[in-house]
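Derivation of every value follows stated rules applied to the coordinates shown; laboratory data play no part. Note that the coordinates shown come from a computational prediction; the quantities given were computed from them, not determined experimentally. We place every Cβ from the backbone using ideal geometry, glycine too, and count neighbours over all the protein chains shown.
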Amino acid sequence: MIAKSRKFVLLFSGLLIISFTVNSLNVRVGENSTVLANLDYEKDEVSTIQDIPLLRHLEDYMNSEINQELQDYEIAGVTVSVVQDGEMIFSKGYGYADYSYTSPVIADETLFRLGSISKTFTAVAAMQLVELGLLDLDENVNTYLTVFKIPDTFTEPITLRHLLTHTAGFEVSTSAVLHESYEAMLSLEQELITYMPDRVRPPGELTGYSNYGSSLVGYIVQEIAGKPYFDYMEENITLPLEMNSTTCRQQLPSELQADMSSAYFDYDHPGFYEYFSLYPAGGFTSSATDMAKFMMMLLNNGTYNNVTILEESSVQEMFSDQYTVHPDIPSVGLGVYETDYRNAHIIGHGGDTIFFHSNMMLFPDENFGLFISYNSRTGIFGMSRFISGLMESFYYFNRVVEPVENFRQRASMFTGTYVSTRRYYSEKNNVAMLFWSQYYSANISVSKGYLQIAGLDDIDFVEIAPYFFVERTGTMDLSLFFKTNENGKITHMYTSWQTAITTYEKIHPSYINTNLQLGLLILMGTISLISLSMWGIDSFFRWKKGKERGNTLHSMTKIWLIGFLTTAIITVSLLMKINHETIVLSTETSSAFQSILFLPYLSIAFIIGNMLFTFFAWFGVFNQDRKPYWNLATRIQYTALTVFSMLYIIFPIYWNFFIF
């Protein structure tokens with residue numbers, strides 16, 4: 001029981017942390033840092049990070065803001081490094097690195113876990129092998145796999161480019177990812193085989209952030225290089241760059257163990273050392289000054305201290321737009337992604353475990369880079385505030401907002417619930433599935449023609465170009481973009497603060513409005529029971545009194561109506577079952593509901609028959625004496641049921657069941 005409880009806490013904590021992590025920008029919308037008023041500089045339209053005189057303002061900001069965060073969020077320790085023009089211009093540790101609060105964080109000694117920044121290291125390794133001609137970005141990855149293969153679920157094969165841009169089309173792997181002991185982990189090969197996720201869409205179609213995909217890249221590097229992943233990374237990246245305090249080994253080398261920062265839930269509650277089973281995606285450990293060397297290498301097109309790790313063309317390929325959805329939505333590169341914000345062009349990667357939260361932000365236009373890492377779970381809040389405040393302090397932003405002419409009329413098109421592609425597509429009853437779908441969703445509503453997102457209070461979005469929305473005051477650099485299918489229906493949403501690396505799919509209404517389905521099922525069941533009871537009682541008394549039974553046509557009218565009610569009940573019941581088992585998207589009606597698609601058409605046949613029989617009943621059609629069928633009360637009842645059946649047809653139309 002204790003083991004299960006700890007497993008649940010790990011899962012919940014991990015998903016909660018991940019749910020707050022949007023990217024390396026971590027925009028904290030609508031909230032300014034408390035230290036902004038202390039900065040004595042002027043903003044103008046050409047402000048960039050280079051305009052900070054002698055770094056004084058930047059250092060003032062860091063010292064004031066980070067020390068305040070340590071208090072506000074009970075964070076134990078933080079480490080920072082800043083580089084510009086090929087030099088490390090600032091590095092500093094804040095707070096403490098051990099449980100006893102006697103060892104301070106030291107920027108060039110204390111080690112922090114990097115989380116998903118590890119993906120950039122893995123991408124560099126892959127690009128090195130591409131340069132040597134041993135790998136091809138656009139070759140089927142199964143070409144490089146010998147022990148196992150990725151299933152040919154779709155015609156299009158998965159390539160390295162797909163893996164490095166998170167467009168391979170995988171659902172989330174069921175791997176636990178984080179463990180408390182080294183012994184609990186499988187080998188990387190067994191991990192990839194055992195927890196291989198399903199392919200749920202053709203590659204290249206949409207992004208879906210994937211630890212599995214990034215780790216598959218690391219495994220391919222290991223296979224093609226002919227040596228363990230750890231050895232390759234040391235021999236070809238960390239040692240040449242003299243990153244002597246950096247390792248991707250899950251069991252730290254003995255010479256680094258004393259420098260490892262402790263992990264904290266918060267200031268008073270220590271955590272534990274986390275083992276990352278998919279380590280090419282999140283297993284690196286480093287110091288702030290080592291990360292400065294890595295940033296300088298990338299900013300200098302692959303070379304640091306006269307050592308070339310990558311060719312310039314490879315770095316530019318990594319930094320280039322590999323997956324783009326809209327010119328004003330930041331794009332995805334190879335192992336990195338854009339987080340352009342407030343007139344700044346930013347490339348980098350964020351990284352989170354349960355306890356450590358890190359960001360690597362590169363400003364290529366200014367040849368400037370910043371790395372920051374927190375050793376406490378609550379550091380996710382501090383990091384968000386730090387980076388948002390940094391951008392608002394040193395980068396000017398203001399836009400003129402001119403809505404499209406009919407924006408108020410169009411706004412309702414975009415409402416609904418959108419769920420991230422970074423999720424499970426099966427096993428909805430699993431508690432993990434419920435967490436993922438809850439924390440990776442966005443609810444869009446309309447107020448006075450403006451879109452609002454649940455959780456972003458008092459922030460309105462207005463459409464300024466078809467399907468493109470911005471924050472309506474023009475003071476916040478926040479935007480939304482909605483994609484449509486060939487029929488013009490809204491299918492996906494992207495946000496500027498989560499970049500194109502995060503795709504939100506619009507959920508089909510059947511997944512949301514379960515009460516409507518349940519209510520309709522109860523109503524139809526009640527009507528069916530009452531109708532059958534009344535007709536049964538009427539038949540019994542007619543038999544007792546020795547009256548003749550109605551003719552065949554009279555009986556057929558009731559049988560036909562019972563057929564409609566039966567079909568409708570089965571349709572709604574199956575819909576509820578399907579809805580309970582999987583998240584259904586607006587684009588998936590024909591596939592998700594294929595088992596019941598014929599039933600609405602059958603309902604139409606029954607409804608048309610009901611309408612004809614109602615007409616026959618009132619006017620005595622086919623009766624020899626032309627008298628109406630039944631008595632007045634029965635005719636009224638039958639007519640009411642026919643009208644109900646006509647109204648029911650709205651239900652399958654609303655759920656898009658009719659595929660023409």
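So here's what we get for this one:
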| item | result |
| --- | --- |
| Table column - 3J(HN,Hα) (Hz), segment 111-125, Karplus curve with 6.51, -1.76, 1.60, x for Gly and Pro | 9, 10, 6, 9, x, 6, 4, 4, 4, 5, 4, 5, 5, 4, 4 |
| Average silhouette area of segment 111-270, convex hull of alpha-carbon atoms, in square nanometres | 10.7 nm² |
| ³J(HN,Hα), Karplus 6.51/-1.76/1.60, whole Hz, each residue of segment 311-319, x for Gly, Pro | 6, 4, 4, 5, 5, 5, 5, 4, 7 |
| Residues Asp460, Asp365 arranged by fewest to most Cβ contacts within 10 Å | Asp365, Asp460 |
| Virtual spin-label span in nm between Ile522 and Asn301, 7 Å along Cα→Cβ | 7.0 nm |
| In order through segment 442-452: 3J(HN,Hα) via Karplus (6.51 cos²θ - 1.76 cosθ + 1.60), integer Hz, x for Gly, Pro | 9, 9, 9, 10, 10, 9, 6, x, 9, 7, 9 |
| DSSP bridge orientation in segment 2-394 - percent antiparallel, rounded to nearest 5 | 95 percent |
| Entries of Lys92/Lys293; Lys92/Lys227; Lys149/Lys506 with Cα pairs more than 24 Å apart | Lys92/Lys227; Lys149/Lys506 |
| Residue among His57, Thr339, Leu178 farthest towards the positive dipole end of segment 2-394, charges placed on Cβ | Leu178 |
| Simple label model, 7 Å out from Cα along Cβ direction - Ile604 to Asp60, nm | 7.2 nm |
| Neighbour net charge for Val470 - beta-carbon separation under 15 angstrom, K R +1, D E -1 | -3 |
| Lys448-Gln68 FRET efficiency (beta carbon distance; Förster radius 35 Å; 0.05 resolution) | 0.40 |
| Within segment 407-427, backbone nitrogen closer than 16 Å to the virtual label 7 Å beyond the Cα of Lys489 toward Cβ | 413-419 |
| Exposure proxy order (Cβ contacts within 10 Å, fewest to most) of Tyr275, Tyr182, Tyr101 | Tyr182, Tyr101, Tyr275 |
| Contour excess over end-to-end distance, with Cα ends at Glu366 and Glu180 and 0.36 nm allotted per residue | 62.9 nm |
| Asp138 paired with Val643, simple spin-label distance in nm, labels 7 Å along Cα-to-beta-carbon | 6.5 nm |
| Taking Glu191, Glu87 and counting other C-beta atoms within 10 Å, the order from fewest to most | Glu87, Glu191 |
| Under-5 Å amide H pairs with Tyr304, H placed in peptide plane, nonlocal only | Ile309 |
| Interchain or long-range residues, amide H under 5 Å from Phe90's placed H | Val82 |
| Qualifying chymotrypsin sites (Phe, Trp or Tyr not before Pro) in segment 333-409, DSSP loop, other Cβ atoms within 10 Å at most 16 | Tyr396 |
